[in-house]
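Below is one structure, written out as structure tokens; comments come after it.
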């Protein structure tokens, strides 16, 4: 009886784990949908900003801005790592950290002063484990990063860059490409490489825009805005990708649990049947012995 | 008819056809009627009014840009909300906090002035929405 009972106990525990993973899958599905909606909403803004920059550029304006200029000296660099607050999401955190470590080494070797900022408990503890103390940590970015929250960071970086206290900003995050494709990337956000002015639609060439107050003054505002939105997009992408990663991991876990349950059920039934058979044999054997 | 769109990084707040729209530019109010010349402008802080079918929608818009092209008015802003949702009490509190903030360098003075202006614009918008 002992073996069958042990099998049954294991099956029970796997069933309850399956319930947990299944629930987590459902929760992350719901969260993913919400995060996805926010990403789509943000992309409407990004698209319009890009269009606006395109129109500005086509009006024959020389696009120059302090944020677009690369600082010649290699003084201080910053690495921002966006990881998750929670685990159980497959390779999400590890693939980010796999990119973050080498980049951090590189920055500390080449630049005079490198600062590290990490969002997400997982990333913080991983860096601590390697005896690297992040200069700033954030754990308040959950699955719904708000623009106001990200804006606080963006403003700090912008001010530092313009003042010359920061020469480069790299962000490690998981880029969301499609439902089935997300991968960790390192992007250099400062200096801003380009504003993404797409010269795609050429048919409406040179609409004579009226600029209020002037194209240069508008550009002065557009460049920081486009940086803010880029940073916000990084956070949104990271949030969406985290939920997808968790969804996939939990789905796999639930399926594994299903497999284990059916396997254990079979073993349990066999063991029980075997026990019954042996008990029957004992009784028959005993009766035979008595009747003789 | 005008096609009026207000987008923030978090959502598309407003998307309607209208007859007339007025908003705060960096130096004063601008009214936009159908047939307006193509324009890109810097917005200030303040109320945006949109008239459609006899009713007037009021929004609070905090900075950003407006682009007018082919009777489409797109407002890109970091923060916007319906005027009715502006919390007067909070705005007043923030105003007094901003005014009592100590500022010594040109940047901090500019920051303080911006905060004060934003709060005043909120109060003005809220008062008009009542």
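The values are calculated or read from the model by the stated rules, or taken from the named source; none is laboratory data. On a predicted model such as this, the values are computed, not experimentally measured, just so you know. Counting neighbours? That spans all protein chains shown, and the Cβs are built from the backbone with ideal geometry, glycine included.
Tabulated data
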| quantity | calculated |
| --- | --- |
| Residues located in region B:29-40, provided they are under 17 Å from the mean Cα position of the chain (by Cα) and more than 8 Å from chain A (Cβ to nearest Cβ) | B:29, B:31, B:32 |
| Matching entry among B:97, B:91 (being in a helix (DSSP H, G or I) and either buried (at least 17 other Cβ atoms within 10 Å of the Cβ) or touching a strand residue (DSSP E or B) at 6+ places or on another chain (Cβ under 6 Å) (or both)) | B:91 |
| The listed residue being closer than 30 Å to residue A:26 by Cβ, free of Cβ contacts under 8 Å to residues at least 60 places away in the same chain and crowded, with 16+ Cβ neighbours inside 10 Å, out of A:81, A:150, A:118 | A:118 |
| Scan of region B:63-72 for residues that are more than 14 Å from residue B:24 (Cβ to Cβ) and more than 7 Å from every other protein chain (Cβ to nearest Cβ), ordered by number | B:68, B:70, B:71, B:72 |
| Selection status of residue A:132, at pLDDT 90 or above, assigned to a loop (DSSP other than H, G, I, E, B), more than 14 Å from chain B (Cβ to nearest Cβ) and over 17 Å from residue A:233 (Cα atoms) | yes |
| Residue A:6, sole failed condition from (1) within 19 Å of the chain's Cα centre (by Cα); (2) part of a helix (DSSP H, G or I); (3) modelled with pLDDT under 95 | (1) |
| Residue list for region B:3-28, filter: farther than 30 Å from residue A:230 by Cβ, more than 12 Å from chain A (Cβ to nearest Cβ) and assigned to a strand (DSSP E or B) | B:17, B:18, B:20, B:22 |
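Let's see how each residue does on (1) away from chain B (no Cβ under 14 Å); (2) in contact (Cβ under 8 Å) with a residue 40 or more places away in the chain; (3) over 30 Å from residue A:218 (Cβ atoms):
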| position | (1), (2), (3) |
| --- | --- |
| A:4 | yes, yes, yes |
| A:21 | yes, yes, yes |
| A:31 | yes, yes, yes |
| A:50 | no, yes, no |
| A:59 | no, yes, no |
| A:70 | yes, yes, no |
| A:74 | yes, yes, yes |
| A:88 | yes, yes, yes |
| A:94 | yes, no, yes |
